[in-house]
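Before any comments, here is the structure.
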Amino acid sequence: MLEVRNIHKSFADREVLKGVDLRVNKGDVVTILGRSGSGKTTFLRCINFLENADQGTMTLDQETFELAHVSCQDKIRIRRKTAFVFQNYNLFRNKTALENVTEGLIIARKMPKDQAVETAFQALEKVGLRDRAEAYPHQLSGGQQQRIGIARAIATQPELILFDEPTSALDPELIGEVLQVMKQLAQEGMTMLIVTHEMNFARQVSSQVLFMDEGVIVEQNPPDLFFDAPQQVQTQQFLKTLREH
């Protein structure tokens, strides 16, 4: 469904991605682990054109794009097949939960308002927040705000959802409610690419787990093999450090 090859990205004189390759099949849940600064978030952002890669190709639904030369029209088409869930929710503070979900449907997708509202209610139902549709972000917990962010993503009926550390801004007691929604999406067959630090979650829901270090993918394996018998020294050291904490 998605294949990226040889993605490079630099900021000034710092090369953040140094030739990343990845294939994601329909229904896969791929989790990306790695230390801060390893290039995980930049990689996700390049896939959704929140950053422009300097080099590389992306094939989505059998259509291949040169990432350094993608037209604005093609970027819009690709974004309509994908959705992005941010670390810090990125909700409109002056709009209700319902309006946060309908905004993109009405403005970007030109969906009739009645249809957008119905779609939004269905998405809010799926994340367990239909009863908070009229609440503003400041009236919601961090976990609820992030679930609104997920509802906004699934309302567009994407083929692929990209999650950028969706629980990292949450208090520990709120993490579970967000992970539960993501587990449900995985069980329903949603294709997901997830940057996370939640190791138990990665083991439970992933079809593949990969470890990034210094701008490259060092190791990629099914979760049991990845966690129980890591092949590369960098992965072994990373997991050892996590267990010690």
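The values are calculated or read from the model by the stated rules, or taken from the named source; none is laboratory data. Keep in mind that what you see is a predicted model, and the values were worked out from it rather than measured. Neighbour counts run over all protein chains shown; Cβ positions are idealised from the backbone, glycine included.
How many residues does the range 8-39 contain that are out of contact with any Leu (no Cβ under 8 Å at 6 or more places or on another chain) and of a type in the set (K, R)? Here the count works out to 4. Note on the range 10-33: residues that are touching a residue at least 60 places away in the same chain (Cβ under 8 Å), under 30 Å from L179 (Cβ atoms) and either touching a helix residue (DSSP H, G or I) at 6+ places or on another chain (Cβ under 7 Å) or part of a strand (DSSP E or B) (or both) amount to 11.
Taken residue by residue, the range 222-244 has no member that is at pLDDT 95 or above, assigned to a strand (DSSP E or B), more than 17 Å from R23 (Cβ to Cβ) and touching a helix residue (DSSP H, G or I) at 6+ places or on another chain (Cβ under 9 Å). Scoring S36 on the criteria (1) assigned by TED's automatic domain parsing to the domain that holds T241; (2) at pLDDT below 95; (3) assigned to a helix (DSSP H, G or I) leaves a single failure, condition (3). For the range 115-123, the count of residues that are touching a residue at least 60 places away in the same chain (Cβ under 8 Å), out of contact with any strand residue (DSSP E or B) (no Cβ under 6 Å at 6 or more places or on another chain) and either in the same structural domain as L50 (by TED's automatic domain parsing) or within 22 Å of M192 (Cα to Cα) (or both) is zero. For the range 112-146, filtering for residues that are out of contact with any Asp or Glu (no Cβ under 7 Å at 6 or more places or on another chain) and part of a helix (DSSP H, G or I) leaves 23.
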